[in-house]
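Notes to accompany the following structure.
The values are calculated or read from the model by the stated rules, or taken from the named source; none is laboratory data. Note that the coordinates shown come from a computational prediction; the quantities given were computed from them, not determined experimentally. Neighbour counts are summed over all protein chains in view; Cβ atoms, including those assigned to glycine, are modelled from backbone coordinates with ideal geometry. Each accessible area value is taken on the protein alone, full model and side chains, heavy atoms only, with ligands, DNA and RNA left out. Shrake-Rupley method; radii C 1.70, N 1.55, O 1.52, S 1.80 Å.
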Amino acid sequence: ADLLIREKAVGRAGLPDPLQALPDDHPYAGFAGLAPDLSTDAIVEGYARGLMLDARLATPVWWAPTRRTLAHPGVVAAALVRDAAHAGLRFSLDANVELCLRGCRRGGLAIDAAVMMALCALYDLGLVHSWEVRDDAGDLRAAGVGLAVGQTFFCVNGFARDAAAGRYGLAHLAAHLERWDYAILDAQALAMVSPALVDRAGFGAADRESFLALLSLHLRGGRTRLHWRADEATSRARAAAPIEAAA
């Protein structure tokens, strides 16, 4: 309630400034402001400014953590090359974004119906994409949704029922992003949900100012296909890599 009163008193117009987010010594460190505007333009601009969206205060809000978990996709793909080989799992992209969002609602960062609808609208525009990991029975073991802006892919939300499935999905996601010339994989949301998922996966930490400076360099370009499909050649290459490395 104090935060909401503070926000109303400040009366910000438009998106908040990430550099003005609450400091680390505050109970709600990183809180930047409310997110009453969930239009596609506002969400894309918010992430391009270095903000991230969730509903942990029972309403959509913008956050700007002092440190961000990120890496070049190629670094992550190389670090997780052995995790990409799992005979009992299969990887797909943009197969069922609504199912992924429902899974995130149960096991990921806080998300409400308004945020889900906004992300679905961005999916329809080809800006939000989902990744899914299913077992041989077809059950969803891990999944996530991300926002593609230029050469940056922001993991907006995600979940994993077990670490093996989560790292398998992350390995294949990173391999595809590397092939498609993405420069930044931002996994802050995944690190908040499951630190073990990104541990020893090639990610580093950038302070807020460094992240914003890096982000400004990679807001152009990127893959422009409306919906993504998993590349079997990429998946086969990643699955075979442990054998090649051992040789």
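Within segment 199-215, residues that are at positive phi have Cβ atoms under 7 Å from residues that are part of a helix (DSSP H, G or I) and open to solvent by 30 Å² or more (accessible area, probe 1.4 Å) in these pairs: 200/79; 202/75; 202/78; 202/79, counting only partners at least 6 apart in sequence or on another chain.
Evaluated against (1) open to solvent by 50 Å² or more (accessible area, probe 1.4 Å); (2) closer than 17 Å to residue 60 by Cα; (3) at pLDDT 95 or above, residue 124 falls short on exactly one condition, (2).
Go through (1) surrounded by fewer than 24 Cβ atoms within 10 Å (Cβ to Cβ); (2) touching a strand residue (DSSP E or B) at 6+ places or on another chain (Cβ under 7 Å); (3) without any contact (Cβ under 8 Å) to a residue 60 or more places away in the chain; (4) not hydrophobic (A, V, I, L, M, F, W, C) one by one and return the number of the condition residue 182 breaks. Of everything listed in (1) surrounded by fewer than 24 Cβ atoms within 10 Å (Cβ to Cβ); (2) touching a strand residue (DSSP E or B) at 6+ places or on another chain (Cβ under 7 Å); (3) without any contact (Cβ under 8 Å) to a residue 60 or more places away in the chain; (4) not hydrophobic (A, V, I, L, M, F, W, C), residue 182 misses just condition (3).
Only residues that are within 17 Å of the chain's Cα centre (by Cα) and either of a type in the set (A, V, I, L, M) or modelled with pLDDT under 95 (or both) were counted across segment 81-94, and they come to 1. Restricting to segment 4-25, name every residue that is open to solvent by 40 Å² or more (accessible area, probe 1.4 Å), modelled with pLDDT of 90 or more and not in a helix (DSSP H, G or I). Selection gives 17, 23, 24, 25. Residues that are among the hydrophobic types (A, V, I, L, M, F, W, C) and over 14 Å from residue 229 (Cα atoms) number at least 2 in the following strands (runs of 3 or more DSSP E) confined to segment 114-181: 140-149, 152-160.
Filtering segment 51-76 to residues that are closer than 17 Å to residue 182 by Cβ and open to solvent by less than 40 Å² (accessible area, probe 1.4 Å) leaves 68, 69, 70, 71, 73, 74, 76. Residue 39 fulfils the conditions (1) open to solvent by 20 Å² or more (accessible area, probe 1.4 Å); (2) closer than 24 Å to residue 185 by Cβ except for a single criterion, (2).
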